[in-house]
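Down below is the structure, laid out as structure tokens.
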Amino acid sequence: MIIRLTVAFILLGCSCEVCGQDKAGSGRAVSFDGVDDYVALGNIYDNLELPLTISAWIFLDPGGLGTIFTSQDNSHIYNGFHFYVIHTAIIIEYGDGLGTFSADFRRGKAGPVDNIFGKWVHVAAIMRGALDMDLFLNGVNIGGNYIGTSQFPMNSSSPLENAMIGFRSGTGLTYHFQGMMDELRIWNRPLSEDEIRDQMCRKLTGDEPGLIGYWDFNEPSGVVVTDRSPNHFDGVLRGSPQRVFSGAPIGDKSVSLYTDDWHESVLTMHDSLDNVRVTNVTGDPNGLHIYEVNKLPSQTGGLNLRTFKQPYFGVFVASDDQDNFFDVNYTFNDSAVCQLLTRTDNSVSSWSKGATTLPHVFQRKEFIKQLRDTTVKIDLGPDESPCVFTPRRLNPLRDTTGFEFFWQNGSRVSKFEVTDFGTYWLTVDDGCNTASDTLRISRVVVDDLQIPDVITPNGDLFNQFFEIDQRMVGGSVVVYNRWGKEVYHSSNYQNDWDGADLPSGVYFYRLNGGYCIDEKRGMLSIVR
């Protein structure tokens, strides 16, 4: 087969700059609104011949349907091929280029499906000849019936027609795709059943034998959709398709098991020190996949990246129904992990705390391990004994992700408002690591001051002066008579007042000064 390597489609008015790539797991997908969204690829497959294989991950909106791919859009005759879905079937079909508006000029196959809306499913089609086609749903050949009556081979020589993703218009009708799409792949050879199962839950390198189109939609923004096959048939978003986080079960590598008897069946995946075992599969699934992502997830809500380590893993049940459960056992370096955090798929922004094992998991799950970290510490600050309390906020961890907080009063906040003297303690726990600290803020109380209540200023040097405790020397002293009149004042008292010329009697004092000493008041008798 000859594939045309020159792209006649020119990206006018479009920046070919791709704003990075989301390469963690399934990364991104494109969401089509079913009205006017599509990807224009240009005139790229005019010499396409059978055999060929096409596959994609799709998430159909309830009631949504339409074209996944067409190699010749808006042709006035049946030619090229198109791959699409309706409510009850997956359909692959080609045209022989000899006419239109009649089944005599087309040939295809329709495979029956049920309940494929509102969830990610993998669809694939193989065309070898007019009566040699296969359709797959989640790795299972679904059979089906041939449609059309042409006995001639596919014809693709229509140089004025363009390939499209998510849309086709022909024979007077238009078909838009409504939902999300990811990992669209085309080969110029028939894949085997084992190859379809082996590749459906893992990314490709782009240079696999026979790969002639590979759009993974992992650009976070921009209008360019990159073809990672050797042909580099990049496309352009038209309408208003949305870039979204993909929920398709895609990893860097995967293993699978398809069987008719799940009793005691076990699927295991090893990677260096990581070991994942899926057991106790219940229900009646067709197959089971474990996939591994060798990067940290692109959505990390709930993860403390200091303790959560790549890779992360996912399990996908290939089934026509939703009544399937399984257990996950995860070990690291031959020991149980401290904790697993989980989410359903990559479209979920935040991870939830799990356990060391995951029993009775419903249908699918992604999980990442947490390791113990002996460096986890918190510091509420040194103990204090201030004279005057200063309100403050305790903020012991800059990165609070994944931690639970337990304060002395039962509060669970990450930042604590301290409004009074007291003892404060905190324990933080992220499921694997704990750290604690205590802060005491104590008010200094001076209650042993020596202050005389009588002086005898008679010149004999005994009780001659009003000698207060040395801890208050340098402060202020004010003395009043019994009528409240100030009779003495010093702002820097040095234990040098002897009553001056005041007559004997009872007086009153007020003292201020010294470290953490409150104002003191009392009576003083002068005896001459």
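The values are calculated or read from the model by the stated rules, or taken from the named source; none is laboratory data. The structure presented is a predicted model; accordingly, all values stated were derived computationally and were not measured. Cβ placement follows ideal geometry from the backbone for every residue including glycine, while neighbour counts extend to all protein chains displayed. Please note that ligands, DNA and RNA were not included when accessible areas were found on the heavy atoms of the full protein model with its side chains. Shrake-Rupley method; radii C 1.70, N 1.55, O 1.52, S 1.80 Å.
Which of the residues that make up segment 266-281 are in a strand (DSSP E or B), open to solvent by 20 Å² or more (accessible area, probe 1.4 Å) and either acidic (Asp, Glu) or touching a Lys or Arg at 6+ places or on another chain (Cβ under 7 Å) (or both)?
Thr268, Asp271
For the list (1) open to solvent by less than 80 Å² (accessible area, probe 1.4 Å); (2) modelled with pLDDT of 90 or more; (3) over 56 Å from the mean Cα position of the chain (by Cα); (4) among the charged types (D, E, K, R), I need the number of the one condition that Asp453 fails.
Checking Asp453 against (1) open to solvent by less than 80 Å² (accessible area, probe 1.4 Å); (2) modelled with pLDDT of 90 or more; (3) over 56 Å from the mean Cα position of the chain (by Cα); (4) among the charged types (D, E, K, R), the one that fails is (1).
Of all residues in segment 118-139, how many are assigned to a strand (DSSP E or B) and surrounded by 19 or more Cβ atoms within 10 Å (Cβ to Cβ)?
Residues that pass the stated criteria total 13.
Select the strands (runs of 3 or more DSSP E) contained entirely in segment 282-395, then report the ones holding at least 2 residues which are touching a strand residue (DSSP E or B) at 6+ places or on another chain (Cβ under 7 Å) and within 30 Å of Trp407 (Cα to Cα).
308-318, 339-343, 364-370, 392-394
Quick grid of which residues meet (1) more than 29 Å from Met269 (Cα to Cα); (2) without any contact (Cβ under 8 Å) to a residue 40 or more places away in the chain; (3) open to solvent by 70 Å² or more (accessible area, probe 1.4 Å):
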site: Leu340; (1), (2), (3): no, yes, no
site: Ser347; (1), (2), (3): no, no, no
site: Gly402; (1), (2), (3): no, no, no
site: Val418; (1), (2), (3): yes, yes, no
site: Phe421; (1), (2), (3): yes, yes, no
site: Leu439; (1), (2), (3): yes, no, no
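Taking the residues in segment 476-509 that are in contact (Cβ under 8 Å) with a residue 40 or more places away in the chain and in a loop (DSSP other than H, G, I, E, B) as candidates, determine which candidate is surrounded by the fewest Cβ atoms within 10 Å (Cβ to Cβ).
Asp498
Would you point out the residue of segment 349-388, among those that are out of contact with any Ser or Thr (no Cβ under 6 Å at 6 or more places or on another chain), among the hydrophobic types (A, V, I, L, M, F, W, C) and at pLDDT 90 or above, that is surrounded by the fewest Cβ atoms within 10 Å (Cβ to Cβ)?
Applying the filter and picking the extreme gives Phe362.
Within segment 248-265, is even one residue in contact with a Lys or Arg (Cβ under 9 Å, 6 or more places away or on another chain) and open to solvent by 60 Å² or more (accessible area, probe 1.4 Å)?
Yes, there is a match, as at least one residue in segment 248-265 is in contact with a Lys or Arg (Cβ under 9 Å, 6 or more places away or on another chain) and open to solvent by 60 Å² or more (accessible area, probe 1.4 Å).
Filter segment 295-327 down to the residues that are aliphatic (A, V, I, L, M) and touching an Asp or Glu at 6+ places or on another chain (Cβ under 9 Å), then identify the one that is least open to solvent (accessible area, probe 1.4 Å).
The selected residue is Val315.
Which of (1) in contact with a Lys or Arg (Cβ under 9 Å, 6 or more places away or on another chain); (2) open to solvent by less than 50 Å² (accessible area, probe 1.4 Å) does Ile165 not meet, given it meets every other one?
The failed condition is (1).
Can you tell me which residue within segment 510-521, out of those that are outside any loop (DSSP other than H, G, I, E, B) and within 13 Å of Ser491 (Cα to Cα), is most open to solvent (accessible area, probe 1.4 Å)?
Top of the filtered list is Arg510.
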